[in-house]
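None of the figures in this text is laboratory data; all of them are computed from the coordinates on show. What you are looking at is a predicted structure, and each value in this text was computed from that prediction instead of being measured. Neighbour counts run over all protein chains shown; Cβ positions are idealised from the backbone, glycine included.
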Amino acid sequence: MDILKNTQAMGKRIYEDLEKINFIRTSTSAEETRAANIIREELAKAGLQAEIEEFMVETADIEKVSLNALGKDWEVQGYRRSGSTPEEGLTAKFAYVQQGTEVDLYDKKGMIVMVNSGKLNEEVYERMVRYGVAGFLTWNGNVSDVLEQTDLPERELRSWATRYGVIPGGVLRAIDAMELVKGEPETVTFTLVQENVERPSRNVVLKMKGTDDTTENVTFGAHYDSVPFSHGVYDNGAGSVILMELARHYKENPPKRNLTFCWYGSEEVGLLGSKAYVAAHKEELKDVQLMINVDVAGSVLGADWAAITADESLCRFVEYLSKEVGFSTDVTQEVYSSDSVPFANEGVPAINFCRFGRNGGAMIHCRHDVIDYLDYRNLGKTAAFVQEFSDHMVNSVVFPVPRKMPENMVEAVDKYLRKKRVDEK
Ligand SMILES: [Zn+2]
């Protein structure tokens, strides 16, 4: 059976839904709420009654951020939750500390340092705290970026970092970082004033009763928020609308097992929607046989991939199924950075479906995540395969996936969630 022959109509419906949430939807913003309401309203049109579940997000309002060095101001954004400098700024010696090794950092007490990284690494952050660094800078993008075509978003210091302590941090463009380091300033003045706040974000949750008398449940997930400056259609408006299509499919074709569909908010700031969901529904998790997540889909240039955080036998099944129905996909056993992780952390087997734009075919987490690089054909194909796979699962006589997380995946999840502090290892 070739499931891909009749996916056009499905792909077109999914694409139309995607157009409805084709706007920036950052964590806790009014637009994120608007998107949650659109998802809910579209489901209601199909006779599906979803609920909104609110949860609180720790964030910060940055009131002032600036960087002055070599007699001029540099474009800079702050790290939220990284604390504040004095109002008038912090003037301190500057050093470029490369990858932040012990050798780089042992004598940088009280200094403002720049790390050779767009992303903060836990070992380096812990070392900066330990050696008493007073402020840190990272850089974003590429030295060849064109100013008019790129953005410099704020960043967030996550809890895995703040548990060591807070150091006021900022982020520059790569080109500015290079110029600053080349200029070898003796001192720089960095100002960051912010207020920590808590704001609500939302999950959209739809429950569907199965036809069998069972407590067994299959839970579907996709995050619908985006990062700043990004329309987030590829990551992950696409997964969100594929999930809506699946919900309509099961409304028309009632499943044997109970289903839950979750559209998560605030995934992009640390999987907060799914973490909140798992915390609020802990009692129900024992009944969840499998979590099926869709994150990133629809790119014209791309390749499909199933990342499986579960028993190896599920990898074999997906491989066989892909051959049976004529759908090309990579299959690996691993932890995929998405809302499946909090479930896997509770021992719930998980599978992530995605379609990755290889080698620049489609981009995430920037203004270039736009609908022009996606099409209905590829949305339809991935959706058809997820549906085919899900039909096998939700209607199986005995649930085929072992309800046990293999040892290697337990370790990988612990590592991903940074359960161990680096100074305790
Ligand atoms: Zn995503």
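The table below lists the values:
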{"item": "Contact order normalised by residue count of the range 71-184, Cα under 8 Å, 6+ apart, percent", "result": "36 percent"}
{"item": "Mean-position separation - Cα centroids, the range 129-181 and the range 243-265, in angstrom", "result": "41 Å"}
{"item": "Whole-number D in µm²/s for the chain (Stokes-Einstein; Kirkwood sum over Cα pairs; 10 °C, 1.306 mPa s)", "result": "70 µm²/s"}
{"item": "Highest-MSF residue in the chain out of Leu246, Leu192, Leu147 [GNM, Cα springs under 10 Å]", "result": "Leu147"}
{"item": "Lysines whose Cα lies under 17 Å from that of Lys20, excluding same-chain neighbours fewer than 8 positions away", "result": "Lys12, Lys45"}
{"item": "Among Asn142, Asn22, Asn352: highest mean-square fluctuation, GNM of the chain, C-alpha pairs under 10 Å", "result": "Asn142"}
{"item": "Helix 376-394 vs. the chain, principal-axis angle (Cα, 0 to 90°, nearest 10)", "result": "60 degrees"}
{"item": "Of Gly132, Gly239, Gly270, the one that fluctuates the most in a GNM where the chain has Cα springs shorter than 10 Å", "result": "Gly132"}
{"item": "Antiparallel %, DSSP beta bridges [both residues in the chain], to 5", "result": "55 percent"}
{"item": "Net charge of Cβ neighbours under 12 Å - reference Asp235; Lys, Arg +1; Asp, Glu -1", "result": "-3"}
{"item": "Rounded tilt (10° steps) of 312-325 against the dominant C-alpha axis of the chain", "result": "60 degrees"}
{"item": "Which listed pairs, of Lys286/Lys420; Lys207/Lys256; Lys282/Lys420; Lys251/Lys323; Lys282/Lys415, have C-alpha distances above 18 Å, in listed order", "result": "Lys286/Lys420; Lys282/Lys420; Lys251/Lys323; Lys282/Lys415"}
{"item": "Charge dipole (debye, nearest 20) of the range 71-184; +1 at Cβ of Lys and Arg, -1 at Cβ of Asp and Glu", "result": "420 debye"}
{"item": "Theoretical gain in end-to-end length, Ala44 to Lys419 [0.36 nm per residue, Cα-Cα removed]", "result": "131.0 nm"}
{"item": "Helical mean residue ellipticity (222 nm; -39500 (n - 2.57) per DSSP H run of 4+; nearest 500) of the chain", "result": "-9000 deg cm²/dmol"}
{"item": "Dimensions in Å of the range 110-208 - Rg and Dmax from alpha carbons", "result": "16.6, 63"}
{"item": "Distance from the range 320-335 to the range 372-425 (C-alpha centre basis), Å", "result": "12 Å"}
